[in-house]
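To start, the structure under review is shown below, and the notes come after it.
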Amino acid sequence: MSRTYEELEAEAAGVSVEGWDFSWLEGRATEQRPSWGYQRAMGERMARATAALDIQTGGGEVLAGIAKLPPLVVATESWPPNIARATKRLHPRGVVVVADADEPPLPFADEAFDLVVSRHPVTTWWSDIARVLQPGGTYFSQQVGPASVFELVEYFLGPQPDAVRRKRHPDDARAQAEAAGLQVVDLRLESLRTEFLDVGAVIYFLRKVIWMVPGFTVEHHRPRLRELHERIQRDGPFVATTTRFLIEARKPR
């Protein structure tokens, strides 16, 4: 039998959304992964580095999965629950976790790292990244692209203007990196299929990724959530397009 809206809401509204682990969505949502395999590619670069910085590490999930870390690795994070999770996860690997407000300047000296990485940063402070990179050093990042999951965003917020839909465009990232004195050596954008199999997955996702629908609460959005539940029951999964881009930039020697 199909689960009721009330059952799905109660379950999704009560689960913890701390950390950056989306395993709760297994069996409830699917997301196509980019072809470049960011964690594997990041691991290859980590194996060759001597001093690395992971900016906005979340709960340290991606960094913890790297097989071979450099002799010196530092991770930054701003959200207190994530800081605690990252510390517990990464300290046994010898990684120092630094509480940082995610605003410049980074709390590190000039030319401190030969590799800086970041998966899905909220903001990329290009000039400060260039400052902490050693000459010849690399910034390697997978980022959320323009109009990502906007089918879901616009379901709740209505049509968004072109200026909003274009935010986080990789062409802008290239221009900002080059303005900071970095050379972009790789830039790729992919559009990927995402499916939400029940309304509980939507509730969990919007509670966790709070900037998608600013001010989202179950109470305020319950009428639209009920309508979405009925739509999924009738028509099948809610399908959205996720965009991701990979950028690799190098500081000239």
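So which residues in the range 87-144 are out of contact with any Phe, Trp or Tyr (no Cβ under 8 Å at 6 or more places or on another chain), acidic (Asp, Glu) and in a loop (DSSP other than H, G, I, E, B), if there are any at all?
Result: Asp100, Asp102, Asp110, Glu111.
Which one of Ala240, Ala201 is small (Gly, Ala, Ser), in contact with a Lys or Arg (Cβ under 7 Å, 6 or more places away or on another chain) and crowded, with 19+ Cβ neighbours inside 10 Å?
Ala201
I'd like to know if the range 198-211 contains one or more residues that are touching a strand residue (DSSP E or B) at 6+ places or on another chain (Cβ under 8 Å), aromatic (Phe, Trp, Tyr) and not in a helix (DSSP H, G or I).
Checked against the condition, which is being touching a strand residue (DSSP E or B) at 6+ places or on another chain (Cβ under 8 Å), aromatic (Phe, Trp, Tyr) and not in a helix (DSSP H, G or I), the range 198-211 yields no hits at all.
Filter the range 186-198 down to the residues that are surrounded by fewer than 17 Cβ atoms within 10 Å (Cβ to Cβ) and polar (S, T, N, Q) and list them by number.
Of everything in the range 186-198, just one residue is surrounded by fewer than 17 Cβ atoms within 10 Å (Cβ to Cβ) and polar (S, T, N, Q), namely Ser191.
Could you tell me which numbered condition Gly58 fails, if it satisfies all but one of (1) open to solvent by 20 Å² or more (accessible area, probe 1.4 Å); (2) in a loop (DSSP other than H, G, I, E, B)?
(1)
Return only the number of the condition from (1) farther than 25 Å from Trp36 by Cα; (2) exposed (fewer than 13 other Cβ atoms within 10 Å of the Cβ); (3) in contact (Cβ under 8 Å) with a residue 12 or more places away in the chain that Gln183 does not satisfy.
Unmet condition: (1).
Anything in the range 1-25 that is of a type in the set (Ser, Thr, Tyr) and modelled with pLDDT of 95 or more? List them, or say none.
Answer for the range 1-25, where residues must be of a type in the set (Ser, Thr, Tyr) and modelled with pLDDT of 95 or more: Thr4, Tyr5.
Filter the range 135-167 for residues that are under 26 Å from Arg253 (Cβ atoms) and surrounded by fewer than 18 Cβ atoms within 10 Å (Cβ to Cβ) and give the result.
Pro135, Gly136
Results for (1) surrounded by 13 or more Cβ atoms within 10 Å (Cβ to Cβ); (2) within 22 Å of Arg207 (Cβ to Cβ); (3) within 21 Å of the chain's Cα centre (by Cα); (4) touching a residue at least 40 places away in the same chain (Cβ under 8 Å), shown as yes or no for each residue.
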| site | (1), (2), (3), (4) |
| --- | --- |
| Arg3 | yes, yes, no, yes |
| Leu8 | yes, yes, no, yes |
| Ala12 | yes, yes, yes, yes |
| Glu18 | yes, yes, yes, yes |
| Phe22 | yes, yes, yes, yes |
| Gly27 | no, yes, yes, yes |
| Glu31 | yes, yes, yes, yes |
| Ser35 | no, no, yes, yes |
| Met46 | yes, no, yes, yes |
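Give the residue, chosen from Thr87, Thr57, Thr4, that is over 19 Å from Ala101 (Cα atoms) and not hydrophobic (A, V, I, L, M, F, W, C).
None of the other options fit; the residue is Thr4.
The values are calculated or read from the model by the stated rules, or taken from the named source; none is laboratory data. A quick note: this is a predicted structure, and the numbers were derived from the prediction, not measured. Quick reminder, even Gly has a Cβ in these numbers, built from the backbone with ideal geometry, and neighbours come from all protein chains shown. Accessible surface is based on the protein model in full, side chains and every heavy atom, while ligands, DNA and RNA are left aside. Shrake-Rupley method; radii C 1.70, N 1.55, O 1.52, S 1.80 Å.
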